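Trainee: Quick one: the structure is below, and I'll ask about it shortly.
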Amino acid sequence: MTQNDTRQRILDVALACFLADGYEQTTIAQIRKRSGTSNGALFHHFPTKEAIAGALYVDAIASFQQGLWDLVSRKPRALREAVHGAIAHQLGWTEQNPDLARFIYARGHLDWNTAAGAELAARNRDLAAAFREWMAPLVESGEVRPAPMLLITSVVSGPAHAIAQRWLAGQVDRPLTSFVDALTDAACAGLRATPASGTAADSTPAGGARADGTAASEPPQPVPARSRVTLELLADDGSVLARGGATTPLIQQGSGSPQ
């Protein structure tokens, strides 16, 4: 057995222990015994249980992110193509790797001050930079409104995370991938910069006054400094399956900075 085989065997056994017994109740001695490795071999790869969990977490995220790297490398030509691809990959990966997904959700976030946390932060930065570069022309053309990557990630993947966790808990009895189109529609609506046409604020009645009471010759009321976007995914019976929200600065057309 090679060193890589030994490392993967330890991680596979650790994952099974964490899911069956819980992270806190699992001991490094249990992992060593069930993996059939010696103390020397185990500690050669992982000095602590925390290091095992960190490596398992990073490896799982790296596996997931590979699909996103494949997506951005194809340089999608439209916003919907990219959003659909990202959500389809997220839900498909969860269906194919339910144990890793359960571990990631149960573990939460890594300590950024650990070696695993630093590695994950670097991976996240690189992937975010690649998507920002791809998205830049869409922002410049006005198709996508400027927003921090944290907000964009929340709008695209947040509702999918909520549904995925319910599916993993056995509370959703249909394939995760059946939600892809609806989630894509909601995410694209939240990201697009084009305002809805025919709104009251934009219309000017024949009498020369706008709906907000200002005369047509007066400048329109200023756009609010911040906007809150709320996305809901509804079941056929009208019940809310998932809800996500985020707040972002608005930028008026013709202005280079938030108002």
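Trainee: For the stretch 30-45, take each phi angle, set θ = phi - 60°, evaluate the Karplus expression 6.51 cos²θ - 1.76 cosθ + 1.60, and give the result in whole Hz per residue in order, putting x for glycine and proline.
Mentor: With coefficients 6.51, -1.76 and 1.60, one gets 4, 4, 4, 5, 6, 7, x, 9, 7, 4, x, 5, 5, 6, 5, 8 Hz.
Trainee: So, one more: Note down the net charge around ASN39, summing +1 for each Lys or Arg and -1 for each Asp or Glu among other residues with Cβ under 13 Å from its Cβ.
Mentor: The answer is +2.
Trainee: How large is the Rg to Rh ratio of the stretch 1-89 when both quantities use alpha carbon positions and Rh follows Kirkwood?
Mentor: That ratio equals 1.17.
Trainee: Further question: Which residues does the label zone of ARG107 cover in the stretch 50-91, counting backbone N under 18 Å from a point 7 Å along Cα→Cβ?
Mentor: Of the residues in the stretch 50-91, 50-67 have backbone N under 18 Å from the label point off ARG107.
Trainee: Taking all protein chains as present, what is the carbon and sulfur share of the accessible area of the stretch 57-144, in % to the nearest whole number, probe 1.4 Å?
Mentor: That fraction is 52 percent.
Trainee: Could I ask something else about it? Tell me which trypsin sites (Lys or Arg not before Pro) from the stretch 75-170 have a DSSP coil assignment and no more than 15 other beta carbons within 10 Å of their own.
Mentor: ARG77
Trainee: If I take all pairs of Cα atoms in the stretch 85-127, what percentage of them are more than 17 Å from each other?
Mentor: 50 percent
Trainee: So with the 1.4 Å probe, I'd like the accessible area per residue for the stretch 1-131, rounded to whole Å².
Mentor: Per-residue accessible area for the stretch 1-131 comes out at 53 Å².
The values are calculated or read from the model by the stated rules, or taken from the named source; none is laboratory data. Nothing here was measured: the structure is a model prediction, and the numbers come from that model. Counting neighbours? That spans all protein chains shown, and the Cβs are built from the backbone with ideal geometry, glycine included. Heavy atoms of the whole protein, side chains included, go into the accessibility calculation; ligands, DNA and RNA do not. Shrake-Rupley method; radii C 1.70, N 1.55, O 1.52, S 1.80 Å.
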